[in-house]
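The values are calculated or read from the model by the stated rules, or taken from the named source; none is laboratory data. For clarity, every value in this text was computed on a predicted model and none was experimentally measured. Cβ sites come from the backbone with ideal geometry, for glycine too, and all protein chains shown count toward neighbours. Areas reflect the complete protein model, heavy atoms only, side chains present, ligands, DNA and RNA absent. Shrake-Rupley method; radii C 1.70, N 1.55, O 1.52, S 1.80 Å.
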Amino acid sequence: MKETIAPANPEKVVRNESFDPPKVATPVSPSKPILDMIDDDGKIAKITFVDGRKYQLQHPGNRKALQWKQNSLQIGSSMRFDELLDKFFQFCVIPLCHEFQPNLDNINPRHTEVWLQLCNRFLSWDLES
């Protein structure tokens, strides 16, 4: 014989219609890095990345930037973005007010494309547009 449990009596359930859940401010993450400051010649910039961390970007100079881009190109194949980003993280990205040094192995996978766009724009002196 199977026992059945009687449903709760709906007349005895007290509903508080005026209950408002607590409002918690959720941080809004930008979809693009925010340019906080750039010097007159564009060699040094300070940004707030999409994860909220602040970084200083230091341009390696035209010759190095071109070498990095040429080295990331391989004849007959696609670009080696990993090599370009490795150099960018190692020589251009300086953490500000935190210890997190980004690299391809420790960044959020969703941020890889954002870093790549930032890298290409910064090395091409096109950060302000």
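A few points about this structure:
- Residue, surrounded by the most Cβ atoms within 10 Å (Cβ to Cβ), within segment 84-97, restricted to residues that are among the aliphatic types (A, V, I, L, M) and farther than 12 Å from L57 by Cα: L85
- Cβ pairs under 7 Å, 6+ apart, first in segment 106-123 and free of Cβ contacts under 8 Å to residues at least 12 places away in the same chain and on the phi > 0 side of the Ramachandran plot, second assigned to a helix (DSSP H, G or I) and among the aromatic types (F, W, Y): none
- Taking each residue of segment 78-97 that is free of Cβ contacts under 8 Å to residues at least 12 places away in the same chain and closer than 19 Å to D36 by Cα and looking for partners that are in a loop (DSSP other than H, G, I, E, B) and open to solvent by less than 80 Å² (accessible area, probe 1.4 Å) with beta-carbon atoms closer than 7 Å, six or more apart or interchain, yields nothing.
- Note on segment 25-83: among residues that are open to solvent by 40 Å² or more (accessible area, probe 1.4 Å) and on the phi > 0 side of the Ramachandran plot, the one that is modelled with the lowest pLDDT is G76.
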